Amino acid sequence: MTRRIAAAVAVTVLSAAGVAAALTTSATAGPPAPQEDGVIAAMARDFKISPDQARDRIGREAKAATTEQSLKSKLGADFAGAWLNGDATEFTVAVTTQAQIQAVKDAGATPKVVKRSQIQLDALKAKLDANTNAPKDVPAWYVDVQSNSVVVLARNTDSAKAFVAASGVDASAVQIQKSDENPRALIDVIGGNAYYMGGGGRCSVGFSVNGGFVTAGHCGKTGSSTTQPSGTFAGSTFPGRDYAWVRVSAGNTMRGLVNRYPGTVPVKGSTEAAVGASVCRSGSTTGWHCGTIQQKNTSVTYPEGTISGVTRTNACAEPGDSGGSWLSGDQAQGVTSGGSGNCSSGGTTYFQPVNPILQAYGLQLVIDGGGTPTTGPTTTTSNPGGGTSWQPGVQYAAGTTVTYSGVGYRCLQGHMSQTGWDPPAVPALWARVG
């Protein structure tokens, strides 16, 4: 494993003039990384596709996530969002100028010219977020990149119009959609692996981190105690956001795994999936269920108040799934916040993205098999032995940037252990940057 990665980096360094072009245009990705059977089975069931189609979809979604991060950086203020279509066979990237069409095509995506940039859409939504008097019959609002607008869901459209006007938002940039959603925090029984609050009640572990685990903020206040595992809420935010982390007592072992009832799913990182990508969640009330990411940066109003920055999905959940884990492939996405409906008739569920939790509390995700935990695409800045930040033996995720002999490289494809494939492993692919 180490030898293969070292060889890949050595070729990158020694190829000099043609290295960047070779890696970005002609590098082969090899066969897709095998996924845990339970994830494939759940996707096949919920999407009504074959296991092979589920594996292919995961591969396309991973490529789209990397492409989105790259184009978002390259396009800057002209970037206006990105999304996959229903079966994840087409990846669209919106831009605000004709001049950026070719850059999107060169990246293998479908361009769409729109009026408002992602920055402008987020600014419009921020005005709604700043209005602390959101009506109770306006359950959610979000940036919808596909319609290039801000969508406000409402049980009462008159209330929604008044809310938009009072927030100082241009009505022409807003779509008001009738909705019967009545979201609430899902805290009644356990979801994922159980833990118990000292004052009564149960919630679920989201993901293991250094020193404990992350979960939903509505599960407990800072300073509250937990049992099984024993610990204390070291930080908690709710409403506003819906995240928390519990520092566990000595003797507990954090694992980079998620319960899929039965069996486990490995967690390999936290690269954020694109709008339209598949996502699966774990909860002890309803087990494994999958859906797609509908919108990001959503604000949703519970009886306790408004939560901003959550992701809206069409995966079902029920009370007791609260705080549970969300994954896209083997990448951690977030923890269950709340929602509407159930797993008999279907529903809408919101999750708090995991990377903002890690960043807010300075935490590191525990990943299966060890290695360097990541909070999505990161830049390695340390200089271990040998005078380089690239470290042999580390399985880097796509999007990670390292330095080698003073030169920066971005990982185009993470190292894949290919059990059952020939060759038995595929080294990481790198492109020179800077």
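Observations, loosely collected:
- Per-pair calculated FRET efficiency, R0 = 51 Å: residue 53 and residue 131 via Cβ, rounded to 0.05: 0.70
- Out-of-range pairs (alpha-carbon distance over 29 Å; input 48/268; 63/112; 221/296; 136/221; 48/161; 48/221): 48/161; 48/221
- Across region 196-308, Cα-Cα pairs farther apart than 20 Å form 50% of the total.
- FRET efficiency for the residue 98 to residue 175 pair, using the beta carbon distance and R₀ = 30 Å, is estimated at 0.75.
- Sparse packing (at most 16 other Cβ atoms within 10 Å of the Cβ) combined with a DSSP loop state is found for the following trypsin sites (Lys or Arg not before Pro) in region 77-163: 115, 136, 155.
- Cα-based reach from residue 72 at 15 Å (exclusive), listing aspartates and glutamates while leaving out same-chain residues under 8 positions away: 106, 122, 272
- Considering region 280-361, its Cα convex hull presents a mean projected area of 5.3 nm².
- Calculated FRET efficiency for the pair residue 252/residue 161, C-beta based, R₀ 56 Å, to 0.05: 0.65
- Calculated translational diffusion coefficient of region 228-385 (37 °C, 0.692 mPa s; Stokes-Einstein with Kirkwood radius over alpha-carbon pairs) equals 202 µm²/s.
Read-outs throughout are calculated quantities, based only on the coordinates presented, and are distinct from any laboratory measurement. No experiment lies behind these values; they were computed from the predicted model shown. Because the Cβ atoms are built from the backbone with ideal geometry, glycine has one as well, and the counts that use them run over all protein chains shown.
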